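See below for the structure under consideration.
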Amino acid sequence: MGAWSGEPFGNDAAADWASELDSLTDWGAVRAALTAAAGVPDLDADAASCAIAAAETVAHGIGKPTQNDAYTDSVHSFVERAGRPDDMLVALAISGLAAATSAGSELTELWEEDDPEEWRTANEALRDALERA
């Protein structure tokens, strides 16, 4: 899995996805990552990691980030260029996050074998931030 924390950008797939934001100026890639996850009952681990990272990016866009560290530097720069996400993207972020953390998600299965409480706590904080938008 290549994870060092349960935070949204605490794994290789999410960190790689975030680096792609460096050249982007709109929410298209974020929307694509969330759309690829939303409603998928058996999401693979990398797609789930990217969806969670995309949801955190939306949280940054609405001024309610749950992770602020060196791993989110590209997110800050992206949000400055892209502006605030619309309400439809916030709703999609909630749906994508739900799929990524569902019982059928491969990422959920992997975390259940490791330290699920840290991961669950981080995702609950993200869900709460998005729902307060």
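The values are calculated or read from the model by the stated rules, or taken from the named source; none is laboratory data. Keep in mind the model is a prediction, meaning the values are calculated, not measured. Glycine gets a Cβ as well: all are built from the backbone with ideal geometry, and neighbour counts include every protein chain shown.
Computed values, structure above
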| item | result |
| --- | --- |
| Cβ-Cβ under 8 Å pairs, at least 6 apart or on other chains, the range 112-133 side under 22 Å from Ala93 (Cβ atoms), far side at pLDDT 95 or above and of a type in the set (Lys, Arg) | Ala129/Lys64; Leu130/Lys64; Arg132/Lys64; Ala133/Lys64 |
| Per-region count, the range 77-97, residues touching a residue at least 24 places away in the same chain (Cβ under 8 Å) and either among the polar types (S, T, N, Q) or crowded, with 16+ Cβ neighbours inside 10 Å (or both) | 12 |
| All positions within the range 45-76 that are small (Gly, Ala, Ser) and either crowded, with 18+ Cβ neighbours inside 10 Å or part of a loop (DSSP other than H, G, I, E, B) (or both) | Ala45, Ala47, Ala48, Ser49, Ala51, Ala53, Ala54, Ala55, Ala59, Gly61, Gly63, Ser74 |
| Residues satisfying the stated conditions in the range 77-92, i.e. part of a helix (DSSP H, G or I) and under 15 Å from Ala129 (Cα atoms) | Asp87, Leu89, Val90, Ala91, Leu92 |
| Single condition Asp42 does not satisfy, out of (1) of a type in the set (Asp, Glu); (2) modelled with pLDDT under 95; (3) outside any loop (DSSP other than H, G, I, E, B) | (3) |
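Listed here are the residues, each with its yes/no results for (1) under 23 Å from Glu112 (Cβ atoms); (2) touching a residue at least 60 places away in the same chain (Cβ under 8 Å).
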| residue | (1), (2) |
| --- | --- |
| Glu7 | yes, yes |
| Ala14 | yes, no |
| Leu21 | no, no |
| Gly28 | no, no |
| Thr35 | no, yes |
| Ala47 | yes, no |
| Ala51 | yes, no |
